[in-house]
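First comes the structure, then the notes that go with it.
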Amino acid sequence: PASVGFPPGHPPMRGLLGVALSARGGRYGNLYLADRRDGRPFDERDEEVLVALAGAAGVAIENARLFERVRAGAERFQRLLLPELPDARPFTVAGVYRPAAAPGRLGGDWYDALTLPDGSLVAVIGDVIGHDLRAAATMSRTRNMLRALLYDRPEPPAEVLRRLDRVGDAMADNPLTTACLLRVSPAGPGEGRRGVDWSTAGHPPPLVLDPAGGAEYLPGEPGLPLGVDPDRARPGHHRVLPPGAVLLLFTDGLVEHRRRSVDEGMAELARLAERRRDLPPRRLCEELMAHHPGDGRDDMAVLALRLPPATAPH
């Protein structure tokens with residue numbers, strides 16, 4: 001009978017031509033052709049065509065495997081550069097990073113948070129322009145310099161960014177970097193409210209989620225990116241926030257997309273975040289990241305910081 005050795009019900013075959021799928025010393029299976037349409041037996045020309053097809057398929061499979069190895073390696077490297085966020089109690093803070101999908105695209109997005117000796121909490125998010133090793137190295141260097149400046153002396157975020165810009169300009173020819181730095185006071189002016197000082201360097205503003213409902217981008221002059229004019233004074237801003245409010249810092253990858261404007265992306269982010277304001281910060285970041293219809297061309301980062309709830313009166 002036709003098709004001897006195949007499972008019952010297999011279409012009958014009277015001719016079979018097979019060749020291995022291989023590339024660069026690796027073998028990935030076999031490619032088969034069964035029965036010519038004209039009913040004639042396979043000949044040398046058919047074999048040549050099948051060998052060419054199998055060669056192209058083998059190279060495509062090998063390239064796909066290489067793509068995945070490079071992408072996974074770049075992602076591991078990028079995550080190693082990000083800090084482990086501290087236990088910032090009574091605050092709750094969490095961050096999530098998603099690398100670009102393209103292989104070898106090392107992003108410059110980063111975030112950090114730390115508690116200072118006076119009990120205040122500092123949070124920062126930034127984006128180094130570029131998607132290469134230089135951007136990743138600049139990101140790591142900038143984050144480390146910023147930590148040193150924050151511990152050096154207590155200063156408003158605007159002054160810290162100004163000093164960071166001057167130090168970075170003196171040390172190396174760095175790519176342009178955007179950043180948002182904020183500092184939450186250790187004790188509020190009353191009823192659990194806390195003062196927040198912030199400054200941005202060409203970066204999207206923080207988004208505040210009110211525990212009673214509503215979402216608002218903190219207004220203020222955005223300032224220039226780091227690396228443009230190190231001697232220029234940077235704008236600083238102040239706001240008092242209620243207990244339990246959430247501050248959301250993010251990079252532009254979370255609001256940019258080819259099919260919509262940045263303003264539309266920011267409006268959608270505010271709506272999504274407001275509906276999820278009661279989630280724990282980590283879950284909030286994950287859901288916002290998962291909802292973004294990213295095209296894989298840019299990395300993105302988001303950091304959420306929840307202020308302590310109001311304390312019950314004694």
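Key figures
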| read-out | value |
| --- | --- |
| Lone qualifier among 159, 216 - being farther than 29 Å from residue 309 by Cβ, in the same structural domain as residue 113 (by TED's automatic domain parsing) and surrounded by fewer than 19 Cβ atoms within 10 Å (Cβ to Cβ) | 159 |
| Region 37-55: number of residues that are more than 28 Å from residue 66 (Cα to Cα) and either loosely packed, with under 12 Cβ neighbours inside 10 Å or at pLDDT below 85 (or both) | 8 |
| Number of the condition not met by residue 273 [criteria: (1) surrounded by 21 or more Cβ atoms within 10 Å (Cβ to Cβ); (2) touching an Asp or Glu at 6+ places or on another chain (Cβ under 6 Å)] | (2) |
| Test: residue 208 is over 26 Å from residue 168 (Cα atoms) and touching a Leu at 6+ places or on another chain (Cβ under 8 Å) | yes |
| Answer from 170, 148, 123, 158 - the residue that is of a type in the set (A, V, I, L, M), outside any loop (DSSP other than H, G, I, E, B) and under 21 Å from the mean Cα position of the chain (by Cα) | 123 |
| Of residues in region 240-269 being of a type in the set (Gly, Ala, Ser) and farther than 20 Å from residue 92 by Cα, the one surrounded by the most Cβ atoms within 10 Å (Cβ to Cβ) | 253 |
| Residues of region 195-253 satisfying the condition of being over 18 Å from residue 127 (Cβ atoms) and among the basic types (Lys, Arg) | 232, 239 |
| Which numbered condition residue 200 fails, given (1) under 18 Å from residue 111 (Cα atoms); (2) among the hydroxyl-bearing types (Ser, Thr, Tyr); (3) touching a residue at least 40 places away in the same chain (Cβ under 8 Å) | (3) |
| Some residue of region 221-236 being aliphatic (A, V, I, L, M) and either within 15 Å of the chain's Cα centre (by Cα) or at pLDDT 95 or above (or both) | no |
| Sole exception among (1) out of contact with any helix residue (DSSP H, G or I) (no Cβ under 9 Å at 6 or more places or on another chain); (2) of a type outside the set (Ser, Thr, Tyr); (3) modelled with pLDDT of 95 or more for residue 259, by number | (3) |
| Cβ pairs under 6 Å, 6+ apart, first in region 39-64 and farther than 17 Å from residue 15 by Cβ, second of a type outside the set (A, V, I, L, M) and assigned to a loop (DSSP other than H, G, I, E, B) | 62/24 |
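Every residue, every condition in (1) out of contact with any His (no Cβ under 8 Å at 6 or more places or on another chain); (2) within 18 Å of residue 205 (Cβ to Cβ); (3) in contact (Cβ under 8 Å) with a residue 60 or more places away in the chain, yes or no:
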| residue | (1), (2), (3) |
| --- | --- |
| 254 | no, yes, no |
| 273 | yes, yes, yes |
| 280 | yes, no, yes |
| 298 | no, no, yes |
| 301 | yes, yes, yes |
| 307 | yes, yes, yes |
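Table: residues versus (1) modelled with pLDDT under 80; (2) in the same structural domain as residue 151 (by TED's automatic domain parsing); (3) touching a helix residue (DSSP H, G or I) at 6+ places or on another chain (Cβ under 6 Å); (4) in a helix (DSSP H, G or I).
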| position | (1), (2), (3), (4) |
| --- | --- |
| 80 | yes, no, no, yes |
| 90 | no, yes, no, no |
| 95 | no, yes, no, no |
| 100 | yes, yes, no, no |
| 104 | yes, yes, yes, no |
| 111 | no, yes, no, no |
| 114 | no, yes, no, no |
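The values are calculated or read from the model by the stated rules, or taken from the named source; none is laboratory data. Nothing here was measured: the structure is a model prediction, and the numbers come from that model. Here Cβ is always computed from backbone atoms with ideal geometry, including for glycine, and neighbour counts include all displayed protein chains.
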